[in-house]
Amino acid sequence: MRPAAAAREAADLVKFAHTVFALPFALISAIAAAGGVPRGEVLGWIVLAMAGARTAAMAFNRLADHASDAANPRTSGRGLPAGRVGRGFAWALVVSGAGALLVAAWRLNPLCLALAPIALAWVLGYSYSKRFTPLSHLWLGAGLAIAPVGAWLAVRGSFAVPPLVLAAAVTAWVAGFDVLYSLQDEAFDRSAGLFSLPARIGAARAIVAARALHGTAALGFAAFAALIGGWGLWAGLAAAVALLACQHALVGPGRLERLNTAFFTANGALSVLMLALYFLDIMARA
């Protein structure tokens, strides 16, 4: 495979564009921990750790779901089931991503290095969670919520309440939109014996659960803003609430034609807007 084609397949395999969900919250947490923009070296290692963990997790997820992706019409065109890439290629991404995470954690501080294997085990373990629990959506959310906690630890080297509050909010936010995203696989998951929430309790009740999760996320973002302060986080909260309401207006039982807009566009805009508004606030104070 030519290098350009390999790069495209790798980006598609790990859904590189979805980095927009967790990375902004890692940067928000890092800025809050530093009381401004952290040193460039620290930011660089944070981004590498994020990219490495996510690459390893997504590639491992594709390996774990290879058979079910091949059986699901929605996912059968992905690189592995379609045969465009082999399992060795995916395993190479897992190993290189895990290596990048460990190197970055080592360069940051001893606590980050000590916790990195635990974080890696959690995000890899998610790939099997839908086989035995309908709480897999929360498992995924907690995996992405490692980002703001890890970024805070990278800057401060110790735990604190604000990143844990932000992590709780991110967990609920991600779990909510993952429930909505899984609506499109409700019938397949049920037939395959998978434990997605829509497959277990039906679309209507799953949507109610997603709304409750997103309400919880909004409260968590508000609590984080109250702890850290500044107009940027409060403006970001207002934008987040509007975008959460927008995606629930777009999706409902039997109304999935705008699911991709609700999933990627609204949630990607939410994280980026929250970071941009907080960054503007910090710059205005500098």
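Read-outs throughout are calculated quantities, based only on the coordinates presented, and are distinct from any laboratory measurement. Note that the coordinates shown come from a computational prediction; the quantities given were computed from them, not determined experimentally. Reconstructed Cβ throughout: ideal geometry from the backbone, glycine too, with neighbour counts over all protein chains shown.
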> Mind listing the phi-derived Karplus ³J(HN,Hα) values for region 188-201, rounded to whole Hz, using 6.51, -1.76 and 1.60 with θ = phi - 60°, and x for any glycine or proline?
Replying inline: 5, 4, 5, 5, 8, x, 8, 9, 5, 4, x, 5, 8, 10
> What order, most packed first, do the peptides 54-63, 241-250 have when packing is the mean number of other Cβ atoms within 10 Å of each residue?
Replying inline: 54-63, 241-250
> If you stretched the chain out fully between Arg39 and Ala238, how much longer would it get, using 0.36 nm times the residue separation minus the C-alpha to C-alpha distance?
Replying inline: 68.7 nm
> How much space per residue, in cubic angstrom, does the convex hull of the C-alpha atoms of region 8-102 take up?
Replying inline: 96
> Taking only the alpha carbons of region 153-283, what extent do you get along each of the three principal axes, in Å, biggest first?
Replying inline: 50, 29, 20
>> If neighbour count is taken as other Cβ atoms inside 10 Å, put Trp45, Trp152 in order from fewest to most.
In response: Trp45, Trp152
>> Just to check I understand the Karplus step: with θ = phi - 60° and J = 6.51 cos²θ - 1.76 cosθ + 1.60, what whole-Hz values come out for region 57-68, glycine and proline as x?
In response: 5, 5, 5, 5, 4, 5, 5, 5, 9, 3, 5, 5
>> Along the Cα→Cβ direction, 7 angstrom out, place labels at Arg107 and Ala67. What is the inter-label distance in nm?
In response: 4.0
